[in-house]
Amino acid sequence: MNNTVCRGLMAASLLFGISFFNGCVTTAQDSSAEDWTYLYQPGEDLSLWKATEHPESIRLEDGNIVLNGERAHLFYMGQDGDASWKNFEAVIEFMTAENANAGLFFHADWQESGWPRALECQINATHKDHRKTGSIYALGDTSEPGHEDDEWVTMRLRVVGQTATVWVNGKQINQWTQPEDHKLKKKRIREGTFALQAHDPGSVVKVRHLKVRRLPQ
């Protein structure tokens, strides 16, 4: 076997070894994440949730959470009332009606009234608000929702370190990294629970699945 062939085989072996090692590392990292926790799925009640201000704006209908009415927010409290995530991946399935506006708040703390002092991943295809689905509201906004009204949509939100990434129906549409000089103490990447929003009487949003899993620090 000549030297050229030998060098080629050695390079190929080295490349395969590196690829195999990287693959093992990736698999190990993925498998270290905890199993999914279902915050809501059809057939469940809202006993682990708590609503604010106008609880009548949030109801269960045909196995879905319906968000429609005067401003209200539905906080996930968990079994012990202290549910909290830092690094996580969340997947929500929802449907918007025309002119709907809602949001998936994260890193939130329970509060009895007002807009949550937390980060919001926006849900909005055709509402007049220019911040569309997948926006990290007022901080990292997108003007393209990536979906239509009256269809079931899957949105995935991944927060690791100081970066939030959003996919809609499998396509990445947004990524926002919190700057080092970020000054909003209550609207920042930190740690907390999730909340769903009923925005106004003219807005109708249905949610049929919401799950989350913790990711490594």
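The values are calculated or read from the model by the stated rules, or taken from the named source; none is laboratory data. Predicted, not measured: the structure shown is a model, and the values here were computed from it. Using ideal geometry, Cβ is built from the backbone for each residue, glycine included, and neighbour counts are taken over all protein chains shown. Accessible surface areas use protein heavy atoms only, side chains included; no ligands, DNA or RNA. Shrake-Rupley method; radii C 1.70, N 1.55, O 1.52, S 1.80 Å.
Tabulated values for the structure
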| item | result |
| --- | --- |
| Sole exception among (1) part of a loop (DSSP other than H, G, I, E, B); (2) open to solvent by 70 Å² or more (accessible area, probe 1.4 Å); (3) in contact with a Phe, Trp or Tyr (Cβ under 8 Å, 6 or more places away or on another chain); (4) closer than 17 Å to Gln175 by Cα for Glu144, by number | (3) |
| Filter result (under 24 Å from Val204 (Cα atoms) and open to solvent by less than 30 Å² (accessible area, probe 1.4 Å)) within segment 150-169 | Val153, Met155, Leu157, Val166, Val168 |
| Any hit, segment 176-193, residues being part of a strand (DSSP E or B), at pLDDT 95 or above and over 28 Å from Leu46 (Cβ atoms) | yes |
| Flag for Arg213 being within 22 Å of Tyr76 (Cα to Cα), of a type outside the set (A, V, I, L, M, F, W, C) and part of a strand (DSSP E or B) | yes |
| Top-ranked residue in segment 68-87 [being part of a loop (DSSP other than H, G, I, E, B) and either of a type in the set (Asp, Glu) or closer than 17 Å to Ser57 by Cβ (or both); ranked as most open to solvent (accessible area, probe 1.4 Å)] | Asp80 |
| Top-ranked residue in segment 88-128 [being in a loop (DSSP other than H, G, I, E, B) and touching a Gly at 6+ places or on another chain (Cβ under 7 Å); ranked as least open to solvent (accessible area, probe 1.4 Å)] | Ala118 |
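Table: residues versus (1) in contact (Cβ under 8 Å) with a residue 12 or more places away in the chain; (2) farther than 28 Å from Gln172 by Cα; (3) among the polar types (S, T, N, Q).
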{"site": "Ser57", "(1), (2), (3)": "yes, yes, yes"}
{"site": "Ile65", "(1), (2), (3)": "yes, no, no"}
{"site": "Gly69", "(1), (2), (3)": "yes, yes, no"}
{"site": "Leu74", "(1), (2), (3)": "yes, no, no"}
{"site": "Gly78", "(1), (2), (3)": "yes, yes, no"}
{"site": "Trp85", "(1), (2), (3)": "yes, no, no"}
{"site": "Glu89", "(1), (2), (3)": "yes, no, no"}
{"site": "Glu98", "(1), (2), (3)": "yes, no, no"}
{"site": "Leu104", "(1), (2), (3)": "yes, no, no"}
